[in-house]
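The values are calculated or read from the model by the stated rules, or taken from the named source; none is laboratory data. Only a predicted model underlies this, so the values are computations on that prediction, with no experimental measurement involved. Here the Cβ is made from the backbone with ideal geometry for all residues, glycine too, and neighbour counts use every protein chain on show.
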Amino acid sequence: MNKIRCANAICIKDGKILLTRESNQGKYYLPGGKIEEDEALVPALKRELSEELNFNWNGNETDFLFTFEGSAVNSPEQNVQLNCFYVPNIIPAGVGFEVHDFNWISLSELNNVAPVVVEALKVNKQLLKDKYVA
C-alpha cells in the first residue's frame, strides 16, 4: 500500500488541541503535512507550520511523541503516516496559503476531525494526558 509520510505538530492548551483544515467543507487535521523527498522530519514540520499558519518556529523546544499510521481520508487506498511532535506555544499569525482555517478544539469533542487524527489521539491519549494536559 502506498504511504503518505507527514510531519505534524501537537500543541495543547487548556484541554484543547490546535487543528487546521484545508477547506470549509473538510475535516480538521493536525498542523503539518507531507514530507518532501529527502527532507528530514523537523525541517518538514518547520516548513509546513510556516506555510499553513505563518508561524516561524526555530525547531527548538520540541519532543518527538509518536508515529501513527491509518487510512488517508481523501485517498482510502493510501495510508498516511503521522510523525507527531509536541510543539509548545504555537501562535498562528493567520492562515497561510495551504489552509482555510484553524481552530482550538477540545480533546473530548473531536467531531469534525479526520478519523486518522482521532484514532492517533485516542491511541496516544495517556501519553498526551501524562505529559501535556493538566
Note on the stretch 76-134: residues more than 16 Å from Leu49 (Cβ to Cβ) and β-branched (Val, Ile, Thr) are Val80, Ile105, Val113, Val116, Val117, Val118, Val123, Val133
Going through the stretch 61-99 in order, the residues found to be exposed (fewer than 13 other Cβ atoms within 10 Å of the Cβ), outside any strand (DSSP E or B) and either without any contact (Cβ under 8 Å) to a residue 40 or more places away in the chain or in contact with an Asp or Glu (Cβ under 9 Å, 6 or more places away or on another chain) (or both) are Glu61, Asn74, Pro76, Asn89, Ile91, Phe97
* Any chance the stretch 104-116 includes a residue that's in contact with a Leu (Cβ under 9 Å, 6 or more places away or on another chain) and exposed (fewer than 12 other Cβ atoms within 10 Å of the Cβ)? -> no
Scan the stretch 99-108 and give yes if some residue there is touching a helix residue (DSSP H, G or I) at 6+ places or on another chain (Cβ under 8 Å) and modelled with pLDDT of 90 or more, otherwise no.
yes
- Query: Somewhere in the stretch 60-73, is a residue modelled with pLDDT under 95, more than 17 Å from Lys3 (Cβ to Cβ) and of a type in the set (S, T, N, Q)?
  - Reply: yes
Note on the stretch 100-120: residues of a type in the set (Asp, Glu) and in a helix (DSSP H, G or I) are Glu119
Within the stretch 12-52, restricting to residues that are crowded, with 23+ Cβ neighbours inside 10 Å and assigned to a loop (DSSP other than H, G, I, E, B), the one that is farthest from the chain's Cα centre (by Cα) is Pro31
